[in-house]
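Working notes, structure below.
Laboratory data are not the source of any read-out in this text; all were calculated from the coordinates shown. Everything numeric here is computed off the predicted structure, so don't read it as measured data. All Cβ positions, even for glycine, are placed from backbone atoms using ideal geometry, and neighbour counts span all protein chains on display.
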Amino acid sequence: MTTETVVQVDTVVQVDNVSFNYPGKREKIIERCSFSVDRGEIVGILGPSGSGKSTLLRLVAGLEIPASGQIIICGQTVVSEKISVPPERRGVGMVFQDYALFPHLTVERNIEFGLHKLSKKDREQRKKAMIELIHLNGLEKRYPHELSGGQQQRIAMARALAPKPNILLMDEPFSNLDTELRQAIRTDLLKILKKANMTCLLVTHDQEDVKQICDRVIQI
């Protein structure tokens, strides 16, 4: 008898009994992890260093493959015992700890990077919408090194949002910011995510991130 996983219409991500261990190591970093994220939710993944938080994001993104279990995004199984959809076809955007901006590209070129499939007209419209969303009008021609840490963080987020992903994955997005700037950026981030109606998984070790941004938390 085969049991099919039933996914609700508003469920964007569903993780079912996922386990993971690095090659050559028997101990599982993640074991039988299950959760779901609904459309428009901002869900925090909270836990100490080494608990598998970032690995969990990488599994959803397709940058790692689980030892067992399945992951479903917008009703499509992207990884299971028999299926493995590559990262670029999962509809996932990701913001890394160091933002991973291209230093030789301007603000607008960084944001345009994932829009190569769009026509020139649509690309231009989407780029302008993203720059307006993150309030960096007038800085389009600047390079990352000419901007503050908070501005770089917003550019990384705009680049991830530009292709209209199903879900945004953020891995310790405030770790490189000082305490005062972190507070301001939390407020900016929440406004941007809500305005874009973006579903988000946010990895952090900071309780304040969860309190101020997230609708709920997954503790690992």
Cβ-derived FRET efficiency at R0 22 Å, Lys164 paired with Arg216, nearest 0.05: 0.35
Using a Gaussian network model on the chain with a 10 Å cutoff between Cα atoms, which of Thr179, Thr11, Thr204 fluctuates the most? Thr179
Length added when fully stretched, Glu208-Lys25, from 0.36 nm per residue minus Cα-Cα: 62.5 nm
Got a sec? Charge dipole of the chain, +1 on Cβ for Lys and Arg, -1 for Asp and Glu; which of Leu139, Ala61, Ser119 is way out at the positive end? Ser119
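Note down the relative contact order for the chain as a percent, whole number, built from C-alpha pairs under 8 angstrom at least six residues apart. Walk me through the intermediate numbers first.
Numbers: 389 pairs, mean separation 62.0, N = 220.
Relative contact order here is 28 percent.
Which of the residue pairs Lys25/Lys211; Lys121/Lys141; Lys121/Lys195 have a Cα-Cα distance greater than 25 Å in the structure shown?
Numbers: Lys25/Lys211 35 Å; Lys121/Lys141 19 Å; Lys121/Lys195 23 Å.
Too far apart for the 25 Å limit: Lys25/Lys211.
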For a quick check: sort Phe20, Phe96 by the number of other beta carbons within 10 angstrom, fewest at the front. Phe96, Phe20
About its Cα centre, what dipole magnitude does segment 95-220 give when the only charges are +1 on Lys and Arg Cβ and -1 on Asp and Glu Cβ, stated in debye to the nearest 20? 740 debye
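Rounded, prolate or oblate: pick one for segment 123-220, where a ≥ b ≥ c are the square roots of the eigenvalues of its C-alpha gyration tensor, a/c under 1.5 means rounded, and failing that, prolate if a/b is larger than b/c, else oblate.
The shape class here is oblate.
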Least to most buried among Met157, Met130 (fewest other Cβ within 10 Å first): Met130, Met157
Exposed trypsin sites (Lys or Arg not before Pro) absent: longest stretch of the chain, with sites in DSSP loops and at most 12 other Cβ within 10 Å deemed exposed: 142-220
Can you tell me the dipole magnitude for segment 1-91 around its Cα centre, using point charges on the Cβ only (Lys, Arg +1; Asp, Glu -1), in Debye to the nearest 20? 320 debye
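Any idea what the relative contact order of segment 39-96 is, in percent, if you count C-alpha pairs under 8 Å spaced at least 6 apart?
Working: 41 pairs, mean separation 13.0, N = 58.
That works out to 22 percent.
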